[in-house]
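The structure appears below as C-alpha cells.
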Amino acid sequence: MSAPAPSMYSADAQAVAEKLGLSLGRPNLEVFAETLQELAAGDPNVVAVTSDSRGSGKLGPYGKALPRQIVEVGIAEQNLVGIAAGLASVGKTTFAVSPACFLAARSLEQIKNDIAYSDNPVKLIGISAGVSYGALGTTHHSLHDFAALRAINNLIVAAPADNIEARASIRSAAALPAPVYLRFGKAPLYDLPGDADFVFGKARLVRAGRDAAFVATGEAVIHALLAAEHLAATAGLDCRVLSVPTVKPLDTKAVQDAAADCAAIVTVEEHMVHGGLGEACAALLAQSGRVPKFRIVGIPDEYTVTGSQADIFRHYGMTMEGLATTMRTLLGD
Amino acid sequence: MQTYTDDDLRRRSLEYRRDTLRAIKAAGAGHTGGSLSAIDILNVLYNRVMRVSPENFSSPARDRYVQSKGHSVEALFVVLASKGFYPASELDTLCDYQSHFVGHPTRKVPGVEQNTGALGHGLPICTGMAIGGKLDGADYRVFTLLGDGELAEGSNWEAAMAAAHYGLDNLTAIVDCNTLQITGRTRDVMNAEPLAEKFEAFGWAVRTVDGHDIGELTDALSAPLEAGKPGVVIARTVKGKGISFMEDNGAWHHKVPTDDEFAAAMAELDAALAGVAGASQ
C-alpha cells in the first residue's frame, strides 16, 4: 500500500524535506505491529492484549500468525490493563494495545496501581495517539496522556518521532523489566537524520545549532526540523533540534545544554500545553537557574478545533511555517 | 503442606482474630469488621488449600492469592506472619512512619502477590494470571477475595465476562458477603443481589457457603468447582465475626476499639479458645 500524500506538509515544507534528503517512511503504528510480530514470532512468551483494537492497532496479521499470543478482552479497557498486569506478573512479556485516548484515561487507575505501583512490567501501547483521529473529535484525542502518566511513579513515557525510534523503542521496551508507555500515530513519517541509537531517557540530536533550539517529541519533531532548516535558509538562524522521545524520564542534560548554548527554546508536542514535554522542560530550567527565552507549543487549553490531524497541526502552528514564526517572534526579530 | 484438623483451624481462626485486633489496636487504625469477616476464608486458603509458603513464593508454580478487598489487610498480614513470611512482631509497625506495612496490601510485605486497595482490581489481575497459567499449561490456581460492596465496581463484571469467555477453571473468586459497607447495608447502598444468579448468567460455576464454616469452605475451595468454568464461592459472612458487640454492626467498618472494648474482645476470644478442643493457649 502506498502511503497517502502527506498533507501534514505544505508544498514548501515538502521541498525542504526533499532538499534535506529525507525519505517518507510509514506510519509508526504499522512499524509497531510489524516489530511486535517479529518479537513474538521469536519468543513465545510475548503476548499482545487487545480491546477490540487489533484492527486499529494493525495487529490483524499478528493475530492470524500467532493466535496463541494474542488475548482479546473486548471493549473493556480497565480489564485490558488488569489482565495485562496479571499476565506480566506470571512472566509474560505483555503488550497492552488500545487507543491512547481510552488507555490513558479509562484505565488510568489500573495503570497507576496494577502496572506502575505493583511494578508489573507491562508495555502500554497507546495507538492512534495525539490527534491522529482528527475529526473524530475530543473523545478520540489523547492530549492528556503525557500529563496524566508523567504524574505516576515508575512509568517510562515515550513518543517515538519516526520509524527508527519506533522500532527501537518497541525492542527496548520488550527487553526492559519495567513498565513503559509508548504512543504511536497513524500518519506516515519522514525518517529523521541523526544518531539512531535509542536509549530510554536520552534525547537524539537531529540537527546541531547554537542560536536557538527546538525541543520536540513524537510526531511533531519533523515539523521542528523543517522549521529549523527554513530559518537557516530564510533568516540565517542556526537552530538545534532535539528529538526527545522519552518525555519521562527527561534527558535533563540535553535540555540544560540547549538552554546554556542557545538564546531561545521552543518546545513542540502533540499534546495539551499543560503537563507535557514543555512544562517538564520549563520546570527543569526554572529550577536550574538558566532560562532562555522560552515558549511551549502544543494544543492550547480549549475545545480542539475540528479537522484532520493536518488541519489541527496547522491551526495551532505546529507546522514548519508556524514554528518558524514562533521562533522568530520569540527571538524578537 | 502441614495437615490441620478442623479444630486446629477453628483455633487458628480465633488466634487470627486476636492478632488482627491487636494489630489494629496497636496501629490505631484498620478495617476491623471486614478483617474479621474474612479470616476463616483466609485460614482455609492458606492452611489447607493453596500451595503457597515462604519456601515456594518465588516459584512460578505456586498458587496465587490477590486480596481485591484490600482494606481488610490486617487479616492478611496476620495470616502471612503465621505462615512464616515474617515474624509476627513486625506487625507492630503497621501504619507507622516508614513501615513497609502499609494500610493496604503491598508487595513490600513478603507474601503479598499484588498491590491492591482500590476496589475492582483483583479480579481482572487474577483473570490475567489465570490466562497466563492456561497459556503455559501450568497447574497453579488463582484466588481472589472480593467484598460484596466491591461488586458495584464495573471492572469486576468486565473480568467476570472474560474469565468465563476463556473458561478459566483455574480461577476462583470468593465473595466475602458480609452484607455491610461503609454507608450501610449493601442491599440499600447498591443492591448486587442476586449474586449467585448474576455469576451463573455470566457463565460461572457458583457455590454458596457459610463463610465461617471450615468444612463448607474446604469443600468449596479444595478443587475447581467445575471444569471449563471459573468458580465463585459466595461466602455468607458476618462483619465483625467473633466479637459479640462488633458482629453485623456497620459502625465497626473501620472503628478501632477503645481500651475497654479491646479488653472485652480479648476476653471473648480467650473464652472461645478455651472451648475449642485441643486448645493449647
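Name the residues in the range A:138-147 that are outside any strand (DSSP E or B) and either over 23 Å from A:V297 (Cβ atoms) or in contact with a Lys or Arg (Cβ under 9 Å, 6 or more places away or on another chain) (or both), would you? Quick ask: steps written out before the conclusion?
Residues of the range A:138-147 that are outside any strand (DSSP E or B), as a first pass: A:138-141, A:143-147.
Selection gives A:T139, A:D145, A:F146.
Name the residue, out of A:A116, A:A105, that is modelled with pLDDT of 95 or more, surrounded by fewer than 24 Cβ atoms within 10 Å (Cβ to Cβ), part of a loop (DSSP other than H, G, I, E, B) and of a type outside the set (D, E, K, R).
On the way: A:A116 fails: part of a loop (DSSP other than H, G, I, E, B).
Matching residue, one of A:A116, A:A105: A:A105.
Tell me whether the range B:157-165 contains one or more residues that are within 14 Å of another protein chain (Cβ to nearest Cβ), surrounded by 23 or more Cβ atoms within 10 Å (Cβ to Cβ) and not aliphatic (A, V, I, L, M). Break it down stepwise before answering.
Quick first cut of the range B:157-165, residues within 14 Å of another protein chain (Cβ to nearest Cβ) only: B:157-165.
Filter once more, so that each one left must be surrounded by 23 or more Cβ atoms within 10 Å (Cβ to Cβ): B:158-160, B:162-163.
Pick out the ones that are also not aliphatic (A, V, I, L, M) and you get B:158.
So far as the range B:157-165 goes, yes, one or more of its residues are within 14 Å of another protein chain (Cβ to nearest Cβ), surrounded by 23 or more Cβ atoms within 10 Å (Cβ to Cβ) and not aliphatic (A, V, I, L, M).
Could you tell me which residue of the range B:126-135 is farthest from the other protein chains (Cβ to nearest Cβ), considering only residues that are touching a Phe, Trp or Tyr at 6+ places or on another chain (Cβ under 9 Å) and aliphatic (A, V, I, L, M)?
Let us first name the residues in the range B:126-135 that are touching a Phe, Trp or Tyr at 6+ places or on another chain (Cβ under 9 Å), namely B:126-127, B:129-131, B:133-134.
Imposing the further condition that a residue be aliphatic (A, V, I, L, M) reduces the set to B:129-131.
Values: B:M129: 4, B:A130: 7, B:I131: 6 Å.
Among those residues, the one meeting the criterion is B:A130.
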> Which condition number does A:E302 fail, the rest of (1) without any contact (Cβ under 8 Å) to a residue 24 or more places away in the chain; (2) touching a Ser or Thr at 6+ places or on another chain (Cβ under 9 Å) being met?
Replying inline: (2)
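Specify which of the listed residues (A:A135, A:A161, A:A178) is part of a helix (DSSP H, G or I) and in contact (Cβ under 8 Å) with a residue 12 or more places away in the chain.
On the way: A:A161 fails: part of a helix (DSSP H, G or I); A:A178 fails: part of a helix (DSSP H, G or I).
That would be A:A135, the only listed residue that is part of a helix (DSSP H, G or I) and in contact (Cβ under 8 Å) with a residue 12 or more places away in the chain.
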> Only one of (1) surrounded by fewer than 24 Cβ atoms within 10 Å (Cβ to Cβ); (2) under 25 Å from the mean Cα position of the chain (by Cα); (3) modelled with pLDDT of 95 or more; (4) more than 26 Å from B:P60 (Cβ to Cβ) fails for A:S56. Which number is that?
Replying inline: (3)
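Quick grid of which residues meet (1) modelled with pLDDT under 95; (2) touching a Leu at 6+ places or on another chain (Cβ under 9 Å); (3) polar (S, T, N, Q):
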site	(1), (2), (3)
B:T106	no, no, yes
B:G137	no, no, no
B:N156	no, yes, yes
B:L171	no, yes, no
B:T179	no, no, yes
> For the range B:133-237, list the helices (runs of 4 or more DSSP H) that sit wholly inside it and hold at least 1 residues that are of a type in the set (K, R); which are they?
Replying inline: B:186-190, B:195-201
> If you go through the range A:119-132 one residue at a time, how many are in a loop (DSSP other than H, G, I, E, B) and more than 14 Å from chain B (Cβ to nearest Cβ)?
Replying inline: 4
> Is it the case that some residue within the range B:104-125 is more than 14 Å from chain A (Cβ to nearest Cβ), surrounded by fewer than 23 Cβ atoms within 10 Å (Cβ to Cβ) and assigned to a loop (DSSP other than H, G, I, E, B)?
Replying inline: yes
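Could you tell me whether any residue of the range A:75-88 is in a helix (DSSP H, G or I) and more than 20 Å from A:D114 (Cα to Cα)? Lay out the reasoning, then the answer.
Filtering the range A:75-88 down to residues in a helix (DSSP H, G or I) leaves A:77-88.
Checking the rest, the ones that are also more than 20 Å from A:D114 (Cα to Cα) come to none.
Within the range A:75-88 (the criterion being in a helix (DSSP H, G or I) and more than 20 Å from A:D114 (Cα to Cα)), the answer is no, since none of the residues qualifies.
Are any of the residues in the range B:178-198 within 14 Å of chain A (Cβ to nearest Cβ) and surrounded by 15 or more Cβ atoms within 10 Å (Cβ to Cβ)?
First, pick out the residues of the range B:178-198 that are within 14 Å of chain A (Cβ to nearest Cβ): none.
No, every residue in the range B:178-198 fails to be within 14 Å of chain A (Cβ to nearest Cβ) and surrounded by 15 or more Cβ atoms within 10 Å (Cβ to Cβ).
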> Looking at the range B:58-111, which of its residues are farther than 21 Å from A:Y117 by Cα and among the polar types (S, T, N, Q)?
Replying inline: B:S59, B:S82, B:S89, B:T93
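How about the range A:181-198: which of its residues are of a type in the set (A, V, I, L, M, F, W, C), part of a loop (DSSP other than H, G, I, E, B) and over 22 Å from A:G42 (Cβ atoms)?
Filtering the range A:181-198 down to residues of a type in the set (A, V, I, L, M, F, W, C) leaves A:182, A:184, A:187, A:189, A:192, A:196, A:198.
With the extra rule that they be part of a loop (DSSP other than H, G, I, E, B), the set shrinks to A:184, A:187, A:192, A:196, A:198.
Hits for the range A:181-198 are A:A187, A:L192.
Which residue, of A:A232, A:A220, is within 25 Å of A:R26 (Cβ to Cβ), modelled with pLDDT of 95 or more and either surrounded by 20 or more Cβ atoms within 10 Å (Cβ to Cβ) or more than 13 Å from the chain's Cα centre (by Cα) (or both)? Can you show your working first?
Values: A:A232 fails: within 25 Å of A:R26 (Cβ to Cβ).
Going through A:A232, A:A220 in turn, just one is within 25 Å of A:R26 (Cβ to Cβ), modelled with pLDDT of 95 or more and either surrounded by 20 or more Cβ atoms within 10 Å (Cβ to Cβ) or more than 13 Å from the chain's Cα centre (by Cα) (or both): A:A220.
The values are calculated or read from the model by the stated rules, or taken from the named source; none is laboratory data. Quick caveat, the model's predicted, so the values are computed rather than measured. In this analysis, Cβ positions are derived from the backbone assuming ideal geometry, glycine residues included, and neighbour counts consider all displayed protein chains.
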